[in-house]
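Chemist: Please see the structure below; I have some questions.
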Amino acid sequence: MQNKEVYPPKFSKVYDRYWFGFATNLAPQIYDMYSKEPIFAKEKTLLDICCGPGHLACYFLEKGFSIIGIDLS
């Protein structure tokens, strides 16, 4: 299998400028919203699709979750 660059190198600069804190800021809101669901207390595995640098995954990892992250980059 051969690795192929999915995004051009300059994309990381755009990401860092406009979206860097997005997942970090949104993580507590997502946690609060889903923590009210009964299954949330039982199942501690999270699938983070399009996880990018993993900020959202890290937040839930610190909350005791097992994390599976998938991203093309």
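Read the figures in this text as sums done on the coordinates, not as results from a lab. As the structure is a computational prediction, the values presented were derived from the model and not from experiment. As a convention, Cβ positions derive from the backbone with ideal geometry for all residues, glycine included, and neighbour counts pool all protein chains shown.
Chemist: Counting pairs of alpha carbon atoms under 8 Å apart in space and at least six apart in sequence, what relative contact order in percent does the chain give?
Modeler: Working: 57 pairs, mean separation 23.4, N = 73.
That works out to 32 percent.
Chemist: Separate question: With springs connecting C-alpha atoms under 10 Å apart, model the chain as a Gaussian network and identify which of ILE49, ILE30, ILE39 has the largest mean-square fluctuation.
Modeler: In the Gaussian network model the winner is ILE39.
Chemist: How much length is gained on full extension from PHE22 to ILE68, taking 0.36 nm per residue of separation minus their Cα-Cα distance?
Modeler: Numbers: separation 46, 0.36 × 46 = 16.56 nm, distance 1.93 nm.
Answer, rounded to one decimal: 14.6 nm.
Chemist: What is the distance, in nm, between label points placed 7 Å from the Cα along the Cα-to-Cβ direction at ILE49 and at TYR34?
Modeler: Placing both labels 7 Å beyond Cα along the Cβ direction yields 1.3 nm.
Chemist: Could you work out the pair-distance distribution P(r) of the chain from its alpha-carbon pairs, with 5 angstrom bin width and percents rounded to whole numbers?
Modeler: 3, 14, 22, 22, 16, 11, 7, 4, 1
Chemist: In the chain, what is the count of Lys pairs whose alpha carbons are under 27 Å apart, counting only pairs at least 8 residues apart or on separate chains? Could the numbers behind the result be given before it?
Modeler: Numbers: LYS4/LYS13; LYS36/LYS44; LYS36/LYS63; LYS42/LYS63; LYS44/LYS63.
Lysine pairs meeting both conditions in the chain amount to 5.
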